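See structure below.
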Amino acid sequence: MSAGAPTTEQLLEAARGGDEAALAALIERHRHRLERMVRLRMDRRLQGRVDPADLVQEANLAVRGKFPRWSADPRLPFFLWLRLEVGQKLVDVHRFHLGTQMRDAAQEVSLHRGPLPQVTSLSLAEHLLGKLTTASHAAMRVELKLRVQEALNSMDPHDREVLILRHFEELSNAEAAQVLGIKPSAAVQRYVRALKRLKEVFQGMPGGIEGVWG
């Protein structure tokens, strides 16, 4: 953020006063994280058919109309409310494109069931291993993806979801705790436990877990 840029609270105050430019700037400030959430939670069968940026833009248009109602009774912090609205738009897109196939897990194990589309172990493993794309790593990637999926499937569902929220969706610990309805201290414990479990899987790789996430 450049020097002199308005804070989130300043933008919120202006938006509550009817400043549409402030609301647009506030939404834009969160666009990257929202698109990342959509990419992670979008069904694999929709990849290439639905652009996460377009979906977020469509959701944001609806958000502008709903903002006064949220502002009058902000039960969630602004970003978590915005995330939920975009997530519900993603659910609608899933229903439109997949229909009765929406509940077909395609032999992938669900990591967490909630108001947003669930993340599968395969999707999460592929995001974790996204940097291993060279030919020399091809064989390692196939074997490691299976090992990562196995490790993810063996985790407590809340531990996995904290990992998703903290690392991939870039939520703060307090935000992740509020999404899951647990105490911040419990969210920290779950995140540390999940990282420890994954570190065991990546132990044999050059650079360990940092070699993938660095």
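Structure values in brief
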item: Within the accessible area of the stretch 17-102 (1.4 Å probe), percent carbon and sulfur; result: 49
item: Surface per residue (accessible, 1.4 Å probe) for the stretch 1-88, Å²; result: 55
item: Surrounding net charge for ALA22, when Lys and Arg each add one and Asp and Glu each subtract one, Cβ distance under 13 Å; result: -2
item: Dmax and Rg, reported as Rg then Dmax, of the stretch 1-53 (C-alpha, Å); result: 14.9, 44
item: Positive-end residue of LEU55, LEU12, LEU40, charge dipole of the stretch 4-61 with Cβ unit charges; result: LEU40
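The values are calculated or read from the model by the stated rules, or taken from the named source; none is laboratory data. Just so it is clear, the model here is predicted, and its values are computed rather than measured. Don't worry about glycine lacking a Cβ; one is built from the backbone with ideal geometry, like all the others, and counts go over all protein chains shown. Heavy atoms of the whole protein, side chains included, go into the accessibility calculation; ligands, DNA and RNA do not. Shrake-Rupley method; radii C 1.70, N 1.55, O 1.52, S 1.80 Å.
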